[in-house]
Structure formats: structure tokens, C-alpha cells
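The values are calculated or read from the model by the stated rules, or taken from the named source; none is laboratory data. Values in this document were obtained by computation on a predicted structure and should not be read as measured data. Positions of Cβ are backbone-derived with ideal geometry, glycine not excepted, and every protein chain shown enters the neighbour counts.
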Amino acid sequence: MSDKKYAILDAAEDLIAVNGYRSTTTRMIADEAGVNVAMLSYYFGSKEQLLKELIDRHTANVKKILEQITSQEDHPVTTFRKFLFAFVDYSFENPKPVIIAIREIGLLNQRPEILRDLQRTMLEVHGMFIGVLAEAKKSGYLRNIDTELCVLTFSSTVESYLVNMFMFEKGFPFLGIEKTTAEAMKSRLKVHLVSLLEQMTKDSE
């Protein structure tokens with residue numbers, strides 16, 4: 001991938017995360033990236049395709065991290081715990097693509113061919129989570145669980161916080177949760193998710 005294409009993706013990520021997809025114009029992206037507007041069409045063809053490639057890059061990064069974890073021979077529950085920690089760490093270190101993927105994907109409904117491809121990419125990541133949980137279930141751990149809904153619970157908890165970060169202000173905390181440092185909230189989420197996992201393990205004994 002060329003430096004200019006990287007610059008466009010980075011600029012789009014910064015602007016769309018802050019302003020939203022509809023309010024971010026190709027001119028704004030080009031100016032931020034320091035390129036001509038025509039370069040966006042050259043590399044991506046359309047603004048929708050640019051959004052798709054931005055999210056594809058995000059899911060590819062997550063998938064690469066998770067593949068490294070599954071390559072290790074660990075207890076299935078330990079593997080899933082590592083999954084959770086890696087997912088939380090990556091999401092907090094890269095909140096912008098997470099926010100965009102969750103908040104903006106519905107805008108691609110008018111381009112079903114792009115949406116189908118994007119859904120397939122995102123499902124690969126969730127499929128890895130499901131695979132690890134399914135292995136734990138097959139091994140006799142986490143027997144009394146709905147595998148797919150468990151993955152949804154764990155991933156959505158992290159994603160929901162990041163998408164709604166602006167609501168967790170000290171003056172008006174959402175759900176009574178006051179905004180703290182990112183590191184403190186990341187640790188709190190890890191403790192919460194692990195406690196859920198441990199409870200599921202106990203319930204299966």
C-alpha cells in the first residue's frame with residue numbers, strides 16, 4: 001500500500017470518528033491527507049469503498065492479533081481470556097476504527113455488495129471468538145452457555161463503551177459511570193469481563 005493511500009485512510013479515520021461519515025466530505029479528507037481529491041477516487045473509487053477499506057484494515061489488525069493467540073497451545077478458557085485482554089487493549093489503543101465500524105456500518109445499506117463483503121470480514125473476527133468458546137465447550141468447560149450470545153456480550157460491552165465515551169462525563173455520567181482515565185476504564189472492563197467468564201466456568205462445573 002502506498003504512503004498516499006495510508007495517509008488517506010488515516011485522515012478518513014480521524015475525521016469520520018469525530019465528525020461522522022455523512023459530515024465528512026472527500027474534500028476534508030483530501031485536505032487532511034495532503035493530497036488531491038482525485039487521489040481518493042484513484043485509490044478507492046468512492047467514499048463508501050473508502051469506508052469499507054478503513055474498516056477492513058481495522059478487522060485485519062484485530063484478526064492478526066487473535067491469530068497469534070490461537071497459535072499457542074493453552075487451556076481453552078485461558079485462550080479466551082487472552083482473547084478478551086487483547087481485544088480490550090487493541091480497542092482502547094485504536095478507538096477510532098472501533099467507533100466507526102460500530103456507528104457507521106448501517107450507512108452502507110444502500111450498497112449491499114459492499115455491506116455483504118464487510119459483514120463477512122467482521123464475522124471472521126467474531127468467528128474466531130466463537131471458535132475458541134466452542135472448543136472450551138467441547139472440552140467440558142463453559143457447558144451451559146449460548147456461545148454466539150456470549151461473544152456478543154463480551155465484544156459489545158467494550159464497543160458500547162468506546163462508542164459512547166462522550167456520555168461518561170463527570171457532570172452527567174451515563175448509567176452512573178463517571179469518565180476516568182482510559183487506563184483505569186480499560187482495567188475495569190477487563191476485571192468485569194473476566195468475572196463474567198469465571199462465573200460461566202463455575203456454572204458449568
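A few notes on this one:
- Residues in region 103-134 that are of a type in the set (D, E, K, R) and buried (at least 17 other Cβ atoms within 10 Å of the Cβ) were compared, and the one that is modelled with the lowest pLDDT is E104.
- Region 69-92, residues that are charged (D, E, K, R) and farther than 19 Å from K137 by Cα: D89
- Selection of region 13-41 for residues being of a type outside the set (D, E), out of contact with any Lys or Arg (no Cβ under 9 Å at 6 or more places or on another chain) and not in a loop (DSSP other than H, G, I, E, B) yields L15, N19, R27, M28, A30, A38, S41.
- Tally of residues being more than 19 Å from A86 (Cα to Cα) and within 17 Å of the chain's Cα centre (by Cα) across region 115-147: 5
- Qualifying residues in region 45-68 (those that are more than 16 Å from F85 (Cβ to Cβ) and of a type in the set (A, V, I, L, M)) - the one surrounded by the most Cβ atoms within 10 Å (Cβ to Cβ): L51
- When every residue of region 25-39 is checked against the conditions, none turns out to be β-branched (V, I, T), modelled with pLDDT of 90 or more and under 18 Å from S91 (Cα atoms).
- Region 76-88: number of residues that are touching a helix residue (DSSP H, G or I) at 6+ places or on another chain (Cβ under 8 Å) and either free of Cβ contacts under 8 Å to residues at least 12 places away in the same chain or more than 23 Å from A134 (Cα to Cα) (or both): 0
- Verdict on Q72 being out of contact with any strand residue (DSSP E or B) (no Cβ under 8 Å at 6 or more places or on another chain) and not in a helix (DSSP H, G or I): yes
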